[in-house]
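**Student:** Pasting a structure here, questions to come.
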C-alpha cells in the first residue's frame, strides 16, 4: 500500500469522504492515491461498518494459537522445576510422562522454552577451545628423535574403574614403545611414563 506513513489515517479518511461526495469514481481515486482498487474498497467498507475506528491498522497477530500449552500444564512444569532445580527439560519431560501418562505433555524443546520464559533456565557458558597451532608437526629424520604420547580414550575395567590407555610411539619408525594403563589423564604422569622408556 502506497500511503504516506505520516498521515495514513487522514489519507484514508480523505479517500472515503471524496468517494462519498462522488468527487470521482473509486478507481480514479485509487489511482490518484497510488493504491489498488481492492485496498480502496476495503477502507470504504471498513469505514461504513465501524467509522473512524475501521480506518486504523488491525493487528496481524493470531488471536488463537492451536499449539499453545495450557496454563495449567505450564504451571505444573514450573512447580516441578521449583522442587527439582537441577532437572533440565529432558528429565522433567521423562518424569511427567512416567507419572502422568494420561496428560499430553509438550515436547522437550517446548518445556525448555517455558523454563526460559519463567527465568528458570539460562544459556550455558561458552567453553574456550584451544586455538589450533599453525606450526607443522616436527618431522623425525631418524629413530628416537621424536616420540609421540597420546591417550586413546578410556574403557571400564572389571572393577568398574576407568582405564585410560597411554601410548608412546617413535615418530620415525611408528614403533610402539609403550602402552600403559593409567587411572587418569595428567601431563606429569604421562611424562613420568615417557622418561621410564628412555632408561
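**Student:** Which order do 122, 154 fall in if you start with the one that has the fewest other Cβ atoms within 10 Å?
**Tutor:** Going from least to most buried by this count: 122, 154.
**Student:** Sticking with this structure for a sec: Taking 7 Å along the Cα-to-C-beta vector as the label spot, tell me the residue 135-residue 94 distance in nanometres, rounded to one decimal.
**Tutor:** For the pair residue 135/residue 94, the computed spacing is 4.6 nm.
**Student:** Here is a follow-up. Once both axes come from the Cα atoms, what is the angle between helix 108-117 and the longest principal axis of the chain, in degrees from 0 to 90, rounded to 10?
**Tutor:** The two axes meet at around 70 degrees.
**Student:** Which of the peptides 8-17, 85-94 is most tightly packed, and how do the rest follow, going by the mean number of other Cβ atoms within 10 Å of each residue?
**Tutor:** Ranking, from highest mean packing down: 8-17, 85-94.
**Student:** Relative to the longest principal Cα axis of the chain, at what angle does helix 187-198 sit, 0 to 90 degrees, rounded to 10?
**Tutor:** So the inclination is approximately 30 degrees.
**Student:** So, one more: To the nearest 0.05, what FRET efficiency results for residue 78 and residue 53 with a Förster distance of 30 Å applied to their C-beta separation?
**Tutor:** Efficiency, rounded to the nearest 0.05: 0.20.
**Student:** Suppose the chain between residue 160 and residue 10 were pulled fully straight at 0.36 nm per residue; how much longer would it get relative to their current alpha carbon spacing?
**Tutor:** Computed gain between residue 160 and residue 10 is 46.0 nm.
**Student:** Can you give me the C-alpha center-to-center distance between the range 118-138 and the range 185-199, rounded to a whole angstrom?
**Tutor:** The distance from the Cα centre of the range 118-138 to that of the range 185-199 comes to 28 Å.
**Student:** If you don't mind, another one. If you line up the long axis of helix 8-20 against the longest principal axis of the chain, both from Cα atoms, how many degrees apart are they, to the nearest 10?
**Tutor:** 30
**Student:** I'd like to compare 30-42, 186-198: which one has the highest average count of other Cβ atoms within 10 Å, and what's the full order after that?
**Tutor:** Ranking the peptides 30-42, 186-198 by packing returns 30-42, 186-198.
**Student:** How many nm is it between the label spots at residue 126 and residue 45, if each spot is 7 Å from the Cα in line with the beta carbon?
**Tutor:** 5.1
**Student:** While we're looking at this one, here's another question. Could you give the length gained by full extension between residue 193 and residue 20, i.e. 0.36 nm per residue of separation minus their alpha carbon distance, to one decimal place?
**Tutor:** Extending this stretch completely gives an extra 52.6 nm.
Each value in this text was obtained by applying a stated rule to the coordinates, not by laboratory testing. Small disclaimer: the values here were computed from a predicted structure and weren't measured. Neighbour counts run over all protein chains shown; Cβ positions are idealised from the backbone, glycine included.
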